[in-house]
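Have a look at the structure below, then the notes.
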Protein chains: 2
Amino acid sequence: MTVKVYGFVGSNATYRVMASLYEKNVDFELVTVNMAAWEHKRPRFLARNPFGQVPAFEDGDVSLFESRAITQYVARKYAGKGTELIMKDPIQMAIQTVWMEVENQKFDRASWKLTEIAMHRVRGGPELVAEYEKKLSDVLDVYEARLTENKYLAGDSFTLADLHHLPNINFLMETRVRRLFEARPHVRAWVADITSRPAWVKVMSLSPW
Amino acid sequence: MTVKVYGFVGSNATYRVMASLYEKNVDFELVTVNMAAWEHKRPRFLARNPFGQVPAFEDGDVSLFESRAITQYVARKYAGKGTELIMKDPIQMAIQTVWMEVENQKFDRASWKLTEIAMHRVRGGPELVAEYEKKLSDVLDVYEARLTENKYLAGDSFTLADLHHLPNINFLMETRVRRLFEARPHVRAWVADITSRPAWVKVMSLSPW
């Protein structure tokens with residue numbers, strides 16, 4: 001049975017899941033959901049994800065949604081294949097979970113709003129941009145300190161705590177928000193490292209931009 | 001060694017962690033962080049949580065922050081004690097993770113903004129309230145369908161996927177947002193069920209309100 005990712009090229013959350021599958025060397029089929037045709041709001045897709053958002057995921061009988069839940073499933077189900085994306089030691093895993101939560105609660109909230117503004121999905125005057133650039137800067141200050149002492153957010157090795165950042169970082173590096181990453185040497189080195197991983201390069205090779 | 005929670009009575013995120021500890025029957029000490037005295041921004045606290053927010057957590061040598069990372073640690077470390085807060089079967093756990101992500105990505109983002117508006121922490125005119133009430137309503141529509149088929153979000157038993165909702169729900173039930181929960185019979189029954197759990201009643205007995 002083939003693993004299936006229902007999403008589309010250009011979707012940050014779809015990219016997040018694809019990156020985890022490439023890291024684990026798991027073959028999968030990308031089933032394109034045609035957003036222009038409103039396919040994601042039709043009953044067939046809503047049965048896969050009641051929120052009507054990509055990606056949805058299928059692995060045999062297992063049907064999931066929410067990109068970060070899918071990556072955790074992939075990391076656990078295919079443990080022993082490809083890159084280990086979760087720490088084996090329970091205490092190290094607890095620390096990894098802290099940084100996965102930081103991504104979710106802090107980094108994603110700031111960086112996604114800036115992404116939406118850059119995509120003209122939400123109206124954002126200079127004040128809103130400044131407010132969210134300040135939020136992102138505060139997060140990156142903490143990352144700079146963390147990455148001064150650890151090569152990756154969870155510790156010595158690349159994990160889901162890093163991987164979850166990739167799509168938003170990749171997008172924002174093409175905008176003026178790039179300067180916030182560039183201004184912090186350890187953050188800059190971390191960005192260069194994680195965005196040059198073969199799995200991510202493979203995801204990006206599908207991107208039309 | 002005593003488990004320590006650094007936070008304060010009245011903090012939603014502190015309550016989230018305390019609820020998990022009471023569910024697991026784990027003794028702990030609540031070390032009050034004096035926000036008025038700016039204690040959370042001093043070096044001693046920043047060493048526990050570089051974001052300067054409560055709660056922080058200590059269990060022997062293990063030092064953590066981010067409430068949802070702490071609850072996951074507590075659930076795993078004290079497996080076999082008190083309420084099982086995580087599903088044992090890997091596929092059921094994957095489904096639980098989906099609903100924990102839904103809480104984090106969808107429910108918390110909508111409900112926390114409404115909480116902040118109600119607390120007068122952010123300026124919120126009627127349009128902002130309407131925008132976030134619409135977002136929360138859309139989430140609760142999905143919950144209503146889910147809870148029609150399952151007693152709890154992850155399935156047959158109460159888990160962290162439900163527990164993580166408690167503080168925000170508890171606060172919003174004292175505001176006019178309450179009507180959004182009350183209007184949906186299965187959501188209403190779920191709210192009544194989870195807010196009457198002995199562990200949550202114990203957390204609330206500390207609340208001055």
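Every number in this text was worked out from the coordinates using simple rules, so none of it is lab data. No experiment lies behind these values; they were computed from the predicted model shown. Cβ sites come from the backbone with ideal geometry, for glycine too, and all protein chains shown count toward neighbours.
Couple of notes before you dig in:
- Once both labels are positioned 7 Å from their Cα atoms along Cα-to-Cβ, the gap between B:HIS120 and B:THR32 label points is 2.3 nm.
- Counting only DSSP beta bridges with both residues in segment B:1-99, the antiparallel share comes to about 60 percent.
- Estimated inter-spin distance, A:MET173 and B:ARG176, nm [label 7 Å along Cα→Cβ]: 4.7
- When +1 charges are put on Lys and Arg Cβ atoms and -1 charges on Asp and Glu Cβ atoms, the dipole computed for chain B relative to its Cα centre reaches about 420 debye.
- Here the dipole of the protein assembly as shown is about 520 debye; that uses its Cα centre as origin and unit charges on the Cβ of Lys and Arg (positive) and Asp and Glu (negative).
- Lysine pairs meeting the criterion (Cα under 16 Å, 8 or more apart or interchain), as found in chain A: 11
- Among beta bridges that DSSP assigns inside the protein assembly as shown, antiparallel share in %, nearest 5: 60
- Cα-based Rg / Dmax (Å) for segment B:79-176: 15.0, 48
- For chain B, complete DSSP H runs whose alpha carbons reach 27 Å or more along their own long axis and whose mean Kyte-Doolittle score is -1.0 or higher are B:126-149.
- With its label point put 7 Å out from Cα toward Cβ, B:PRO50 sits 3.8 nm from the same residue's point in the other copies, in order from shortest.
- Computed log₁₀ I(q)/I(0) - Debye formula, equal Cα scatterers, no solvent, segment A:1-76, q 0.11, 0.13, 0.25 Å⁻¹: -0.23, -0.32, -1.21
- Exam field: A:ALA79 pseudo-label spacings to other copies (7 Å along Cα-Cβ), nanometres: 0.9
- Placing unit charges on each Cβ (+1 for Lys and Arg, -1 for Asp and Glu) gives chain A a dipole about its Cα centre, and among A:SER11, A:ALA183, A:GLY80 the Cα reaching farthest toward its positive end belongs to A:SER11.
- Taking other residues whose beta carbon is less than 11 angstrom from the beta carbon of B:PHE158, and scoring Lys, Arg as +1 and Asp, Glu as -1, yields -3.
- Beta bridges from DSSP with both residues in chain A: antiparallel share about 60 percent, rounded to the nearest 5.
- Taking the centroid of alpha carbons for each part, segment A:164-209 and segment A:1-63 are 22 Å apart.
- Measuring from each Cβ of chain B to the axis that turns chain B onto chain A, the shortest distance belongs to B:ASN104, 3 (residue, then whole Å).
- With eigenvalues of the C-alpha gyration tensor scaled by 5 and rooted, the protein assembly as shown, Å: 30, 26, 24
- Residue-averaged 222 nm ellipticity for the protein assembly as shown, from DSSP H runs of 4+ at -39500 (n - 2.57), nearest 500: -15500 deg cm²/dmol
- Other-copy label distances relative to A:GLY125, 7 angstrom Cα-Cβ extension, nm: 1.0
- Each residue in B:ARG42, B:ARG68 was given a count of other beta-carbon atoms within 10 angstrom of its own, and listing them fewest first yields B:ARG42, B:ARG68.
- Alpha-carbon Rg/Rh ratio, for chain A, with Rh computed the Kirkwood way: 0.96
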